[in-house]
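Working notes for the structure below.
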Amino acid sequence: MATGGSGDVLTGVLTALLAQGYSSAEAAILGVYLHGLAGDLAARETGQNSLIASDIIDFLPAAFKKME
């Protein structure tokens, strides 16, 4: 996940969680986990070498579903 824009995706996830009322600590823990899980799911589908930041975004819904 060391690809251009992946940090921006993480920032967006963290900001969205903060806007929903999560504490800073909760947002950090949940956001980093969801970002990583979405990245793992995307990498399984697209391959690690071709992973781009938008793939992480595309797999965020699946990551949230796995958390349910």
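The values are calculated or read from the model by the stated rules, or taken from the named source; none is laboratory data. As the structure is a prediction and not an experimental result, all values here were calculated from the model. Cβ: placed from backbone, ideal geometry, glycine included. Neighbour counts: every protein chain shown. All accessible areas refer to the heavy atoms of the entire protein, side chains included, with ligands and DNA or RNA removed. Shrake-Rupley method; radii C 1.70, N 1.55, O 1.52, S 1.80 Å.
Any chance you could count how many residues in segment 12-28 are of a type in the set (Val, Ile, Thr) and within 12 Å of residue 57 (Cβ to Cβ)? Quick ask: steps written out before the conclusion?
Here is the first cut: in segment 12-28, the ones of a type in the set (Val, Ile, Thr) are 13, 15.
In the following step, the residues that additionally are within 12 Å of residue 57 (Cβ to Cβ) were identified as 13.
Result for segment 12-28: 1.
I'm trying to understand the selection: among the residues of segment 6-29, which are open to solvent by 30 Å² or more (accessible area, probe 1.4 Å) and either more than 21 Å from residue 52 (Cα to Cα) or in a loop (DSSP other than H, G, I, E, B) (or both)? I'd like the intermediate steps shown before the answer.
Residues of segment 6-29 open to solvent by 30 Å² or more (accessible area, probe 1.4 Å): 7-8, 10-12, 14-16, 18-26, 28-29.
Within segment 6-29, 18, 19, 20, 21, 22, 23, 24, 25, 26, 28, 29 meet the criteria.
Take segment 32-66 and flag every residue that is over 19 Å from residue 4 (Cβ atoms) and either open to solvent by 90 Å² or more (accessible area, probe 1.4 Å) or touching a helix residue (DSSP H, G or I) at 6+ places or on another chain (Cβ under 6 Å) (or both).
33, 34, 37, 41, 44, 45, 62, 63, 64, 65, 66
With the checklist (1) free of Cβ contacts under 8 Å to residues at least 40 places away in the same chain; (2) part of a helix (DSSP H, G or I) in hand, flag the one item residue 49 doesn't pass.
Tallying (1) free of Cβ contacts under 8 Å to residues at least 40 places away in the same chain; (2) part of a helix (DSSP H, G or I), residue 49 fails exactly one: (2).
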